[in-house]
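Peer 1: Structure provided below as structure tokens; questions to follow.
The values are calculated or read from the model by the stated rules, or taken from the named source; none is laboratory data. None of the values given here were measured: they were computed from a predicted structure. Cβ placement follows ideal geometry from the backbone for every residue including glycine, while neighbour counts extend to all protein chains displayed.
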Amino acid sequence: MFDVDTTVFLLLAIGAFLSALLSGVAGMGGGLIYLPFLAASIGVRKAIPFLAVLLLVANIARAFFSRRELKWNVAGRLTIGAIPGALIGAFLYTALSANFIARAVGVFLLLNVFFALARIPWPRKTSLKQFPYVGVVAGFLSAVVGGAGPMMTPFFLRLGIVKGAFLSTEAVAAASMHIVKIPIYSQARLLTLDDIMLALPLSGMMILGTWVGKLFVNRMNEALFRTIVTILLGLIGLRFLILGSG
């Protein structure tokens, strides 16, 4: 198991809670915000597989807490594409170097920040027929850079799927990605049983953060939270792009 002292573990636990809280309110970015905590503790290459375990638990919790608003027709179409996309991405991930992964994460985050700040109206049109293809791209990105929430969000918003419906529907598709990634990471020894045992208490903090986020999602200023998440993602993107795995 990782030799994590009490102070580092507490920081990881607090980071897990806050990332799940942000994701639960803003509907995106929580896992990516947590990446620097993991990268500093266990290394970039193992951070994304480790994150997959945590996000699997967090997304199952999100789907459960907002289950009454879940749009199964949208979730099903996303999942059809997300599973093969995640499989391809996970197999590719096992062959990538830590520096390449870190810089890919940086580029991905900065591109999302650019689109958010530029307010580029994309996608111009959205229909349910697009969602399997959205799922393929999202699954691939999730496996390689750790998350695809910022990329999927505009498609949900264009269909008018917001708040609890968005959180639960996106969570089902995300959980399907993590389920298929984890065995591939494990086979490549990027994720071990010891890692999973370390992830369990952190998963509990993610569930707590998700629950608190659900309580406040209809009361908080969603635009403010999205702005905070965008700023954090930009800073994290610069960190990974400039420093790589260092």
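Peer 1: Six or more apart or on different chains, Cβ under 7 Å: which pairs go from a residue in segment 128-142 that's at negative phi to one that's outside any helix (DSSP H, G or I) and not acidic (Asp, Glu)? Could you list them?
Peer 2: Within 7 Å, the pairs are Ala138/Ala148; Leu141/Ala148; Ser142/Ala148.
Peer 1: In segment 173-211, how many are of a type in the set (Val, Ile, Thr) and either over 13 Å from Ala143 (Cα atoms) or modelled with pLDDT under 85 (or both)?
Peer 2: Selection size over segment 173-211: 4.
Peer 1: Being at pLDDT 80 or above, of a type in the set (A, V, I, L, M) and either surrounded by fewer than 20 Cβ atoms within 10 Å (Cβ to Cβ) or touching an Asp or Glu at 6+ places or on another chain (Cβ under 7 Å) (or both) is the filter here, so list the residues in segment 114-135 that pass it.
Peer 2: Listed by number, the residues that qualify are Leu117, Leu128.
Peer 1: Looking only at segment 170-185, decide whether some residue is in contact with a helix residue (DSSP H, G or I) (Cβ under 8 Å, 6 or more places away or on another chain), of a type in the set (D, E, K, R) and crowded, with 20+ Cβ neighbours inside 10 Å.
Peer 2: yes
Peer 1: Starting from segment 35-53, keep only residues that are on the phi > 0 side of the Ramachandran plot, then list their pairs with residues that are of a type in the set (S, T, N, Q) whose Cβ atoms are within a distance under 6 Å, requiring at least 6 positions of separation or different chains.
Peer 2: Between residues of segment 35-53 that are on the phi > 0 side of the Ramachandran plot and residues that are of a type in the set (S, T, N, Q), there is no close pair.
Peer 1: Just to be sure I understand the filter: pairs with C-beta atoms under 7 Å, separated by 6 or more residues or on different chains, first member in segment 204-217 and in contact (Cβ under 8 Å) with a residue 60 or more places away in the chain, second member crowded, with 16+ Cβ neighbours inside 10 Å and not in a helix (DSSP H, G or I). Which pairs pass?
Peer 2: These pairs meet every condition: Lys214/Ser66.
Peer 1: Could you list all residues from segment 81-113 that are under 19 Å from Lys181 (Cβ atoms) and surrounded by fewer than 18 Cβ atoms within 10 Å (Cβ to Cβ)?
Peer 2: Answer for segment 81-113, where residues must be under 19 Å from Lys181 (Cβ atoms) and surrounded by fewer than 18 Cβ atoms within 10 Å (Cβ to Cβ): Pro84, Ile88, Phe91, Leu92, Thr94, Ala95, Leu96, Ser97, Ala98, Phe100.
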